[in-house]
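Enquirer: Encoded as C-alpha cells, here's the structure I'll be asking about.
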Amino acid sequence: MPVWLASRLYTEFRETDSPPPLVIEGLVLQLLGEVFCGPSAPVERRSPRWLCQVRDLLHARFAEHLTLDEIAQAVGIHPDRLCHGFRDRYGCSVGEYVRQLRIEFACRQLATSDAPLVEIALAAGFADQAHLSREYLRLAGATPSRAQAI
C-alpha cells in the first residue's frame with residue numbers, strides 16, 4: 001500500500017496545477033501511517049484463524065485466478081461466510097483485495113524492473129497489459145507506462 005500511496009501522491013502533484021490541500025494532506029497522513037504504524041486494521045478484535053489463512057493465501061497466490069469456492073474450501077468454511085467475514089474485517093471484497101495486491105506488485109515491478117509492461121501485467125495476474133493499465137489508472141490515477149517512464 002505505501003507504494004500505491006506514494007504513486008498517487010506523485011500523480012496529484014504532476015497532474016494538477018495546484019492539488020487540493022485536503023487531498024495532499026490525506027494522502028501524506030495515510031502514507032506516514034502505513035510506513036510508521038503498518039497497515040491499518042481494526043484492533044479491537046482478533047481475526048478468526050480462517051480469516052488469517054485466507055489473507056495469507058491471497059498474498060501467496062494473488063496472481064492466480066482463484067474462485068471464492070476454492071478459497072473457502074481451502075480454509076474449511078462456506079463461501080458466504082468468507083465473503084461477509086472478509087468484508088467485515090478488511091472493508092472490501094476478496095476481489096478488491098486481490099486487485100489491490102496485484103496493483104501493488106505491479107508498482108513494485110515498475111519501480112525496480114526493466115521488464116516490459118506486458119510481462120509485469122501477466123506476472124501480476126492481469127489478463128493482459130490493457131487490463132493492468134485500466135486498473136492502475138483507476139486506482140493510482142496514472143497509467144503504468146507513465147510510472148515506468150519516470
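The values are calculated or read from the model by the stated rules, or taken from the named source; none is laboratory data. These figures come from a predicted structure and were not determined experimentally. So basically every Cβ, Gly included, is an ideal-geometry build from the backbone, and we count neighbours across all protein chains shown. These accessible areas exclude ligands, DNA and RNA; they are computed on the full protein's heavy atoms, side chains included. Shrake-Rupley method; radii C 1.70, N 1.55, O 1.52, S 1.80 Å.
Enquirer: Restricting attention to region 85-119, which residues are under 15 Å from the mean Cα position of the chain (by Cα) and of a type in the set (Val, Ile, Thr)?
Expert: Scanning region 85-119 gives Val94, Val98, Ile103.
Enquirer: I've got another one for you. Let me confirm something: among Arg49, Arg8, Arg89, which residue is at pLDDT below 90 and basic (Lys, Arg)?
Expert: Of the residues listed, the single one that is at pLDDT below 90 and basic (Lys, Arg) is Arg8.
Enquirer: Quick check on this structure: which one of Leu27, Leu57, Leu31 is at pLDDT 90 or above and either surrounded by 11 or more Cβ atoms within 10 Å (Cβ to Cβ) or of a type outside the set (Phe, Trp, Tyr) (or both)?
Expert: Checking each option against the conditions leaves just Leu57.
Enquirer: Anything in region 49-70 that is acidic (Asp, Glu) and without any contact (Cβ under 8 Å) to a residue 12 or more places away in the chain? List them, or say none.
Expert: Asp56, Asp69, Glu70
Enquirer: Another question about this same structure. Taking the stated definitions as given, is Asp17 assigned to a helix (DSSP H, G or I), acidic (Asp, Glu) and either open to solvent by 80 Å² or more (accessible area, probe 1.4 Å) or modelled with pLDDT of 75 or more (or both)?
Expert: no
Enquirer: Related question: Got at least one residue in region 110-120 being assigned to a helix (DSSP H, G or I), in contact with a Leu (Cβ under 6 Å, 6 or more places away or on another chain) and touching a residue at least 40 places away in the same chain (Cβ under 8 Å)?
Expert: No, there is no match, as no residue in region 110-120 is assigned to a helix (DSSP H, G or I), in contact with a Leu (Cβ under 6 Å, 6 or more places away or on another chain) and touching a residue at least 40 places away in the same chain (Cβ under 8 Å).
Enquirer: Against the condition polar (S, T, N, Q), closer than 17 Å to Arg55 by Cβ, surrounded by fewer than 19 Cβ atoms within 10 Å (Cβ to Cβ) and out of contact with any strand residue (DSSP E or B) (no Cβ under 8 Å at 6 or more places or on another chain), how does Gln129 come out, does it pass?
Expert: no
Enquirer: Sticking with this structure for a sec: Among the residues that make up region 71-94, is at least one of them touching a residue at least 60 places away in the same chain (Cβ under 8 Å) and either within 26 Å of Glu34 (Cβ to Cβ) or buried (at least 18 other Cβ atoms within 10 Å of the Cβ) (or both)?
Expert: Among the residues of region 71-94, not one is touching a residue at least 60 places away in the same chain (Cβ under 8 Å) and either within 26 Å of Glu34 (Cβ to Cβ) or buried (at least 18 other Cβ atoms within 10 Å of the Cβ) (or both), which makes the answer no.
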